[in-house]
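Data block below; observations after.
The values are calculated or read from the model by the stated rules, or taken from the named source; none is laboratory data. Model, not experiment: these values are computed from the prediction. Note: ideal-geometry Cβ built from the backbone for every residue, glycine included; neighbour counts use all protein chains shown. Just the protein is used for accessible areas: all its heavy atoms, side chains included, with ligands, DNA and RNA removed. Shrake-Rupley method; radii C 1.70, N 1.55, O 1.52, S 1.80 Å.
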Amino acid sequence: MIENRLYNFNPGPAVLPEDVLLEARANLLNYRGSGIGIMEMSHRSKDFEAIISEAEADLRALLGIPEEYSVLFTTGGGSTQFSMVPMNLLRPNTTANFILTGVWAEAAYEEAKKFGRTHVAATSKEEKYRRIPTECLLSENCAYLHFTSNNTIVGSQFRTEPACDAPELVCDASSDFLSRRIDVRKYGLIYSGAQKNFGPAGVTLVIMKTALLERCPDSLPLMLDYRTYAKNKSLYNTPPVFAIYVCGLVFRWLRQRGGLDVIEKQNRQKADILYTLLDSTKFYEPFVSPESRSTMNVTFRISNRELEQPFLKEAEAAGLIGLKGHRLLGGLRASIYNACPLEGVEALAAFMREFEKKRG
Ligand SMILES: *Cc1c(COP(=O)(O)O)cnc(C)c1O
């Protein structure tokens, strides 16, 4: 156990499993008795080669990634993927399609416009993104359909993949990757920065159909070309060694806990505790309509807005931190990723009930 830890509801970088932090601490000083720490070793060493290939093998096992898909460890966050996806996959005379469900989806769409034709296949902007759109209209010559599986800021989430016949699905899974089982075969490409649900900032995972590499144009800068990562097992240049190492520990932690079906059930249980509480009173107002709510980011307001500041202050005094909503949306948000313990959510729920009793 780590002493004096708070319950951390930050949206990202976010809470990591204690077991992982403790193991990383030991190996930070002296990696498995080698006499040097994990941050000090060559990325070309046998030790690191084992670390990155085990991380990939554990990830493949967790998600059931088929052989015909490549796993790439890149950098630059989800935001760099907003550019890399169209640069690599959008050819002249084809159109990138987007489902707009929030700020991050909009950012991906705006970036793609710089590289070719785009089309909005669905949007719920007029409803302030309070729900996930159910219908979707593709353009002609659609190259791919891009969607954001979990909307970190508004707190909405796709239950399943969008129901429309896109030639390829591209998913920004930055805030719910590994929170549940998905069928990778339904996707052309999935990307996610590590710092929300499975690791430290600095590494961004890309899982893509290897066949899609044929689309990459030769004119791309080397480090923005997916083929550079695929051909060199993500070791063309120095990768974020420490971040990849910690992700590997998280993958193993997930496998040891029973894999994605188990974690999905726990995530559901944690989210249900908060949404049941929010729906049981007029004191709090959940932001998203019930069928579209996220299991990762629970967004809400207090009907009397003036109580939101005192709520944050008192929560912090009670050891519950990171509950402030995104500056664009205001209000409150509890990010309850995989590593957020059930006890943390129960403590938050107890605090919320108590706060209502005092101020309601
Ligand atoms: C945080 C986030 C991003 C941006 O990620 P960076 O790694 O900071 O570039 C993109 N998409 C979603 C859904 C996010 O939550």
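General observations
- Reach of residue 324 by Cα under 18 Å, taken over lysines that are not fewer than 8 positions away in the same chain: 196, 313
- Taking Lys and Arg as +1 and Asp and Glu as -1, the other residues whose beta-carbon sits under 14 Å from that of residue 319 total -4.
- Hydrophobic, long helices, defined as DSSP H runs whose alpha-carbon span along the helix axis is 20 Å or greater and whose mean Kyte-Doolittle value is at least 1.0, occur in the chain at 241-256.
- Using C-alpha pairs below 8 Å separated by at least 6 residues, the relative contact order for the chain is 23 percent.
- Estimated D of the stretch 211-360 in µm² per second, where Rh is the Kirkwood radius over Cα pairs and Stokes-Einstein applies at 37 °C, 0.692 mPa s: 177 µm²/s
- Average accessible surface for the stretch 149-246: 36 Å² per residue, computed with a 1.4 Å probe over protein heavy atoms with every protein chain in place.
- Summed over qualifying helices (DSSP H, 4 residues or more, each -39500 (n - 2.57)) and divided by its residue number, the chain shows a 222 nm mean residue ellipticity of -11000 deg cm²/dmol.
- Within the chain, the cysteines lacking any other cysteine Cβ closer than 4.7 Å to their own Cβ are 142, 171, 216, 247, 340.
- Relative contact order for the stretch 150-265, counting Cα pairs under 8 Å that sit 6 or more residues apart, in percent: 22 percent
- Partner lysines whose Cα lies under 17 Å from the Cα of residue 209, excluding those fewer than 8 positions away in the same chain, are identified as 186, 231, 233.
- Environment charge at residue 172 (Cβ cut-off 12 Å; Lys +1, Arg +1, Asp -1, Glu -1): -2
- Over the chain: Rg over Rh, Cα atoms, Kirkwood Rh: 0.98
- For the stretch 169-211, the ratio of Cα radius of gyration to the globular rule of thumb 2.2 N^0.38 Å stands at 1.12.
- Cα gyration tensor, the stretch 68-139 - rounded (a/c under 1.5), prolate or oblate: prolate
- Based on protein heavy atoms only, the stretch 1-86 ends up with 51 Å² per residue of surface accessible to a 1.4 Å probe.
- C-alpha center-to-center spacing [the stretch 258-336, the stretch 65-100] in angstrom: 31 Å
- For a straight C-alpha distance cut-off of 16 angstrom, the aspartates and glutamates reachable from residue 282 (same-chain residues fewer than eight places away being disregarded) are 306, 308, 354, 356.
- Fraction of accessible area attributable to carbon and sulfur, the chain (%, probe 1.4 Å): 51 percent
- Exposure rule at most 13 other beta-carbon atoms within 10 Å, DSSP loop GluC sites (Glu not before Pro): the chain longest free segment: 141-360
- Where the Cα pairs of the stretch 34-116 fall when distances are cut into 5 Å bins, in %: 3, 12, 15, 14, 15, 15, 11, 9, 5, 2, 0, 0
- Amide H to amide H distances under 5 Å link residue 96 with 117, 118, 119, 143, where only residues 5 or more positions off or on other chains count and H is placed in the peptide plane.
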